[in-house]
């Protein structure tokens with residue numbers, strides 16, 4: 001009973017802290033896979049396309065140091081795709097190839113990076129629920145062309161995790177929708193165990209399932225060089 005009381009108190013304190021933070025502060029450390037400085041994962045990616053389905057196993061490496069975020073993704077299987085690699089870098093608000101698709105999936109490089117707060121103007125919207133979980137909602141409007149007019153972030157009140165994202169056009173039509181569908185704890189923060197991105201225009205979807213994750217082993221900056229491709 002006492003443990004439950006402490007848990008409720010911790011959630012209330014975190015919610016109060018979130019309400020006092022600006023949108024920039026909330027989004028500055030927000031990331032699809034939690035707040036760990038180093039993340040090494042093996043992920044199963046399942047694509048549902050107009051003409052069938054595809055499945056791939058990926059090694060994903062993420063390194064966040066100061067203002068620099070680096071992401072390297074390597075296809076492990078099927079074997080005939082094992083030479084395919086993807087590298088994306090983000091430093092000081094500047095994204096390299098942020099709109100590029102990840103191996104023909106519905107995810108973009110931007111989805112795997114921390115938020116470039118300088119690229120957007122922000123506003124708080126009324127709170128909403130994702131799968132019954134209360135969420136803070138922040139609207140982000142890109143200052144430059146981005147392929148969408150607005151992006152909505154759904155941030156769990158209890159743990160400040162990224163529970164969902166909606167990408168909308170200038171008419172308010174939903175273009176892409178991301179949802180965390182099951183969660184796990186990584187380095188003390190909530191991260192997806194499974195997640196889904198849906199492209200409403202194309203009628204396609206991509207699901208991710210984290211098979212294993214390591215947040216303890218440091219990743220050298222040299223891993224994220226063009227020479228590794």
Only one of 80, 112, 120 that is over 23 Å from residue 219 (Cα atoms) and buried (at least 20 other Cβ atoms within 10 Å of the Cβ):
120
Give the residue that is surrounded by the fewest Cβ atoms within 10 Å (Cβ to Cβ), with candidates limited to residues of segment 84-102 that are at pLDDT 90 or above and part of a loop (DSSP other than H, G, I, E, B).
84
Residue 206 vs. criteria in contact with a strand residue (DSSP E or B) (Cβ under 8 Å, 6 or more places away or on another chain) and either part of a loop (DSSP other than H, G, I, E, B) or under 17 Å from residue 102 (Cα atoms) (or both):
yes
Take the residues in segment 135-186 that are touching a helix residue (DSSP H, G or I) at 6+ places or on another chain (Cβ under 8 Å) and in a strand (DSSP E or B); name whichever of them is nearest to residue 200 (Cα to Cα).
178
Is there a residue in segment 22-36 that is in contact (Cβ under 8 Å) with a residue 12 or more places away in the chain, assigned to a strand (DSSP E or B) and closer than 16 Å to residue 114 by Cα?
no
Candidates 200, 175, 193 - the one that is without any contact (Cβ under 8 Å) to a residue 40 or more places away in the chain, under 30 Å from residue 76 (Cα atoms) and more than 18 Å from the chain's Cα centre (by Cα)
200
When every residue in segment 103-127 that is assigned to a loop (DSSP other than H, G, I, E, B) and under 13 Å from the mean Cα position of the chain (by Cα) is compared, the one nearest to residue 138 (Cα to Cα) is 115
Any chance residue 160 is out of contact with any strand residue (DSSP E or B) (no Cβ under 7 Å at 6 or more places or on another chain), buried (at least 17 other Cβ atoms within 10 Å of the Cβ) and closer than 16 Å to residue 33 by Cα
yes
Does any residue of segment 213-226 turn out to be assigned to a strand (DSSP E or B) and surrounded by fewer than 19 Cβ atoms within 10 Å (Cβ to Cβ)?
yes
Going through segment 165-195 one residue at a time, which ones are touching a strand residue (DSSP E or B) at 6+ places or on another chain (Cβ under 9 Å) and under 15 Å from residue 148 (Cβ atoms)?
165, 166, 167, 168, 169, 170, 172, 174, 175, 176, 177, 178
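The values are calculated or read from the model by the stated rules, or taken from the named source; none is laboratory data. Since we're looking at a predicted model, the values are computed, not measured. Don't worry about glycine lacking a Cβ; one is built from the backbone with ideal geometry, like all the others, and counts go over all protein chains shown.
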